[in-house]
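*Asks:* Dumping the structure here so I can ask a few things about it.
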Amino acid sequence: MLASPHSRLKSITVLAVSPLALTFVSGEYVVRPGDTATEIAADHDVSLAALVAANRLPAGGNLIFAGETLAIPAAHGPRTQPATGGRPNGVGPDDRRLVWHTVAPGDTVSQLASRYHAWTDEVIAENRLSGSADIAVGQRLRIPVVLSALPDRSAPRPATDGEARLPNPSQVTVRRVIEQIASGYGVDPQLALAVSWQEAGWQQDHISSAKAIGAMQVLPSTGRWIETVIGGGLDLRNLRDNVTAGVVLLRQLTEVAPLRTAVAGYYQGLAGVHEHGMYADTRQYVRNVLALKAQFERGDYPY
């Protein structure tokens, strides 16, 4: 269970949602991976019903997202249900629920849209972003979640065979393995670390909707190609094999392309970059990776 010091609390405010209903708010909490609404409510000494009501959470609070900002109701303030018609944190038009997200290193608009089950164009429009969809770390975005696109979380989803067997080493362990293997293959460790943080936050148990696997987010087809490069088999569910695949791919890319193009190739595919140029989200991806690389070179690591 998370401790309350992790929350980002502000002074007590009152969020007016209509002349007939007020929700007293003591602060905000940014949802972290693995959080549940029940744990968040308990950590802040409020009822689950109050937390659900203050944020208009669907499915009794079972549908929250890492990075989403939740309003924390005051423990002793009125706990009335917000009236319909307001759009505080919760309800957008039609089949949409508006949630706040604070941009973190590695975020792009297209990735956020995928994570929250939203349309990229609607995220851009809702936040009046430029055509290039540039976003900055720390920026707060309103994400119009498409409710009909959300998975049914009323019952546990059975894990796939790959998900069930995927290990979850600590992020410190992932960092050390990346540094070791990158150095062994002559790849800049800070570049490999930056790519991995951007791709998966140094989490080996991450599997994307596109079935990219692990800390380096390697597709199975890419893994099979890397096997032919190194002349040996790889199990992408294994941390060392996963990092090896990603690092060797980076080595191949940086040997044939300038750094920015190589990083773009890791995300978009080098052939796609050569044929179409960098897409807007690819340009953002490259900026994020290079910013992370510079940060790590200064010795500023998250773990």
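*Asks:* For segment 244-302, name all the residues that are of a type in the set (Ser, Thr, Tyr), in contact (Cβ under 8 Å) with a residue 40 or more places away in the chain and in contact with a Ser or Thr (Cβ under 8 Å, 6 or more places away or on another chain).
*Replies:* Scanning segment 244-302 gives a single hit, Tyr285.
*Asks:* Do you know which of the residues in segment 249-294 that are closer than 14 Å to Gln217 by Cβ and β-branched (Val, Ile, Thr) is surrounded by the fewest Cβ atoms within 10 Å (Cβ to Cβ)?
*Replies:* The qualifying residue surrounded by the fewest Cβ atoms within 10 Å (Cβ to Cβ) is Val289.
*Asks:* So is Thr228 more than 25 Å from Ala104 (Cβ to Cβ), of a type in the set (S, T, N, Q), in contact with a helix residue (DSSP H, G or I) (Cβ under 9 Å, 6 or more places away or on another chain) and surrounded by fewer than 21 Cβ atoms within 10 Å (Cβ to Cβ) or not?
*Replies:* Judged against the criteria, Thr228 is not a match.
*Asks:* Every residue in segment 104-123 that is among the small types (Gly, Ala, Ser), free of Cβ contacts under 8 Å to residues at least 40 places away in the same chain and surrounded by fewer than 18 Cβ atoms within 10 Å (Cβ to Cβ), please.
*Replies:* Selection gives Ala104 alone.
*Asks:* Then there is this: Specify which of the listed residues (Ala200, Ala192) is modelled with pLDDT under 90 and under 22 Å from Gln295 (Cβ atoms).
*Replies:* Exactly one residue qualifies, and that residue is Ala200.
The rows are residues; the columns are (1) buried (at least 21 other Cβ atoms within 10 Å of the Cβ); (2) aliphatic (A, V, I, L, M); (3) in the same structural domain as Ala113 (by TED's automatic domain parsing); (4) in contact with an Asp or Glu (Cβ under 7 Å, 6 or more places away or on another chain).
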site	(1), (2), (3), (4)
Ala200	yes, yes, no, no
His206	no, no, no, no
Ser209	no, no, no, no
Pro220	no, no, no, no
Gly232	no, no, no, no
Leu239	yes, yes, no, no
Thr244	yes, no, no, no
Val247	yes, yes, no, no
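The values are calculated or read from the model by the stated rules, or taken from the named source; none is laboratory data. Computed from a predicted model, the values in this text were never measured in an experiment. All Cβ positions, even for glycine, are placed from backbone atoms using ideal geometry, and neighbour counts span all protein chains on display.
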